[in-house]
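Asker: One structure, pasted below without further comment.
Read the figures in this text as sums done on the coordinates, not as results from a lab. A quick note: this is a predicted structure, and the numbers were derived from the prediction, not measured. Cβ placement follows ideal geometry from the backbone for every residue including glycine, while neighbour counts extend to all protein chains displayed.
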Amino acid sequence: MKDEQRTMNITNRVHRSTNATATITRYNPKKTAIQINQIQPSTRIIWLMSCIFVCFAVAGILIIRYPTFIRYNTHSEGDIVVKLDDAITLPLRPQQEKIFGIDHYYMFPPMNTTTTISTILKPKGILIYLHSCEQSGLDFFTLPEHRVIAHDAIYKKGLVVFAPTSYNRQSGCFTNEDLNDSSNNNKNGYHLQGVVKEFIKNHKQLLRKLPRVGMGDSSGGSFLFFVHEAIKLQSMAIYNSPQGYMNMNINMNDTEIVSMIPTVFLSMSSDISISTRMNINRIKLQEMNVQTKLFEVTPRTFTDRLCTSRFPELPYEFCQNIFDIIERDCNWANSLIDIDGYIIDGSVIKKSVLWQHCFKKIEESSEYNKWMMMTKTKTQESQSFSWLRVILEKEIQACYGYHSMTAQFRDEILTFLMLNAKIDGMDTDIDTVSEGSGTSNTNSVTKDEQEVAKPTNR
């Protein structure tokens, strides 16, 4: 009896154990779905956090290894991201015209050779450029950054470019001698208003009644504020000049208030004081509902690629040689150019012992002498430094973003000028670059003359 009872108890335990096992292992779809949903969110979070970590890691590597990785390709101007291009332009050969005993320079849009008779295309307007101190009108067509603007104005925008030379040839600046007033004690009756009037008169069949826009750099930009009414400008562009309408003199009775025309400003970020004052000028014009805009140029790299694009006179090998000399003989511990190609200090190139030593090394190189022999380049007798040194100084300052002419934003600035002067702004996109010509009292700057007239030391 006891044995039977023991057998029944064992059997019951086995059945309970089997039932328990079946209960644990029995498939329950609802329970499984709940378990999966409980696991999935945590997996997604981990995956997302991993992706974020990888992105930050890559960004950190770029910032540490390439601190100028993004800046090298683009920079921001307000809400506009601008591509930094290396425009390539051919050397220009302007026409030369003597007015009041001083040489002035200009170029017309190319000749129309599609007909049997070669005629000049009807220009859309006139761009009058005023140079900075220690320069002349010729520099707008010869200095590397200047001539990119001149090229596009002529061949893409269809404008006549006229670059008058200031009366004072010692300083090279536009001064009160260029003003048409009672304090004008200069000879030959020279003043800028008279020069522009005479130029228009000499080419009246093409230029009469054409709208006029102005552009000035540094002191030339300041002078535009005093003469823009006299020379009948409808809009103007001011480069690197703090002069503003509010700083101009008006008479005691406030009867001669200078009218305000649409003005676009360009400043350079490394020239902080002028940049600040130009922005103040822009804000004042905005408050008066005058069309205005400000572009600020940030530093860019100085490389052999830029050398070949801005200095087409130089062979590619020579550009490479220039940077080899800089790296080998001048740039100790990255004292002149950092590892990314940015200028360390480009504000005092002429006074920099290191840079001037470097230029001397370049001029003493066999490659430089070989290039001189090939081109037979001549310099002025009074010129202290070579043409190459002058253009290198100018380009280094432009790359550093300090008080120099720059071709950046040229299309935006030319478009602003033309729109506000009601000039058709459609690009002509002329592929074949031919030399412009003029009428009466003109003579073209020949090759030898242009070589002699290289820019003087600034």
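Asker: Looking at the calculated P(r) for the stretch 301-400, what percent of the C-alpha pair distances fall above 20 Å? Mind dumping the intermediate values first?
Answerer: Details: 1617 of 4950 pairs.
Percent of Cα pairs beyond 20 Å in the stretch 301-400: 33.
Asker: Glu327 to Ser171: FRET efficiency via 1/(1 + (r/R0)^6), r the Cβ-Cβ distance, R0 51 Å, to the nearest 0.05?
Answerer: 0.85
Asker: With label points built 7 Å along Cα→Cβ from the Cα atoms of Ile88 and Ser273, find their separation and express it in nm.
Answerer: Simple spin-label model gives 4.1 nm for this pair.
Asker: Find out how many positive minus negative residues lie around Phe199, taking Lys and Arg as positive, Asp and Glu as negative, among other residues whose Cβ is under 13 Å from that of Phe199.
Answerer: Working: positive: Lys98, Lys197, Lys201, Lys204, Arg208, Arg212, Lys232; negative: Glu97, Asp103, Glu198.
Cβ neighbours under 13 Å give a net charge of +4.
Asker: How far apart, in nm, are the 7 Å Cα→Cβ label points at Asn369 and Phe100?
Answerer: Distance between the two pseudo-spin positions: 4.7 nm.
Asker: Now, a different point. Could you tell me which of the pairs Lys156/Lys201; Lys98/Lys122; Lys124/Lys232; Lys197/Lys422; Lys98/Lys201 are separated by over 18 angstrom between their Cα atoms in the structure shown? Walk me through the intermediate numbers first.
Answerer: On the way: Lys156/Lys201 25 Å; Lys98/Lys122 24 Å; Lys124/Lys232 16 Å; Lys197/Lys422 21 Å; Lys98/Lys201 13 Å.
Going by Cα-Cα distance, Lys156/Lys201; Lys98/Lys122; Lys197/Lys422 fall outside the 18 Å limit.
Asker: Further, regarding this structure: Work out the FRET efficiency for Lys422 and Thr43 from their Cβ-Cβ distance, taking R0 = 60 Å, and round it to the nearest 0.05.
Answerer: The formula returns an efficiency of 0.40 here.
Asker: Could you compute the net charge surrounding Gly125? Neighbours are other residues with a C-beta less than 10 Å from the C-beta of Gly125; K and R count +1, D and E count -1.
Answerer: +3
Asker: Hey, another quick one. What ranking do Arg212, Arg389 get, fewest neighbouring Cβ atoms within 10 angstrom at the top?
Answerer: Values: Arg212 24, Arg389 21.
Fewest-to-most ranking of Arg212, Arg389: Arg389, Arg212.
Asker: Follow-up. Could you tell me which residue out of Phe318, His357, Trp387 lies farthest along the dipole of the stretch 301-400 toward its positive end? Charges go on the beta carbon: Lys and Arg +1, Asp and Glu -1, centred on the Cα centre.
Answerer: Trp387
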